[in-house]
Amino acid sequence: MKIFNGKKAAEKILLDLERKIKKEKRKPTLSVISVNGDQASDLFIKNKKKAAKKVGIKVNHYRFEKSVREEWIIKKRKDLNTDSTVNGIIVQLPLPKGFNTGKVINEINPRKDVDGFHKKTYFSSPLISAISIALKDSTKNLKTKKIIALVN
């Protein structure tokens, strides 16, 4: 059995991205919207910020309290959609109970939807991309095989 080394693949992807970004005149900016209260989400955001810093991407993190109204999240998302200095937007899930997640996510500008959730997004879902890279690394015919993806 061949085990795919995801960390090694991620390092290669980040190195390639860093090289591309260094050639750009303007440093890309990623905006993250999150609502306090979810430890797993906080860790995920921390890792995103770390990777972004490593490759030269500026990150703006807009953290809202759990008591925030959905309208405030939507207003922030709309502001970021029209902000020409913002290249990418992530709304960190899960959102609080009672929020219309689809409404919040589906109206992100498809050119800025770096999570790949919007049906007209210009980006591939990071999870699907990772699985695709792992499958390409495999030398076996996988038509009759099953795959397990562990995310930690």
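A few remarks follow.
- For the chain, calculated [θ]222 nm from helices alone, where every DSSP H run of n ≥ 4 adds -39500 (n - 2.57): -14000 deg cm²/dmol
- Longest DSSP-loop-exposure-free segment, trypsin sites (Lys or Arg not before Pro), the chain, at most 12 other Cβ within 10 Å: 27-65
- Only protein heavy atoms count here; under a 1.4 Å probe, Thr82 has an accessible surface of about 120 Å².
- Area accessible to solvent at His61, 1.4 Å probe radius, in Å²: 50
- Note on region 11-86: Cα-only Rg and Dmax are 14.3, 42 Å.
- When Ile57, Ile89 are compared by accessible area at a 1.4 angstrom probe, the order from most to least is Ile57, Ile89.
- Long-range HN-HN contacts of His61 with modeled amide H, under 5 Å: Val32
- Given a 1.4 Å probe and the protein chains as shown, Val114 ends up with an accessible area of around 40 Å².
- Of all the options Ser124, Ser41, Ser132, the one that moves most in a Gaussian network model of the chain with Cα springs shorter than 10 angstrom is Ser132.
- Per residue convex hull volume, Cα atoms of region 64-145, in Å³: 134
The values are calculated or read from the model by the stated rules, or taken from the named source; none is laboratory data. Because the structure is a prediction, the values reported are computed rather than measured. Neighbour counts run over all protein chains shown; Cβ positions are idealised from the backbone, glycine included. Surface areas here come from the heavy atoms of the whole protein model, side chains and all, with no ligands, DNA or RNA. Shrake-Rupley method; radii C 1.70, N 1.55, O 1.52, S 1.80 Å.
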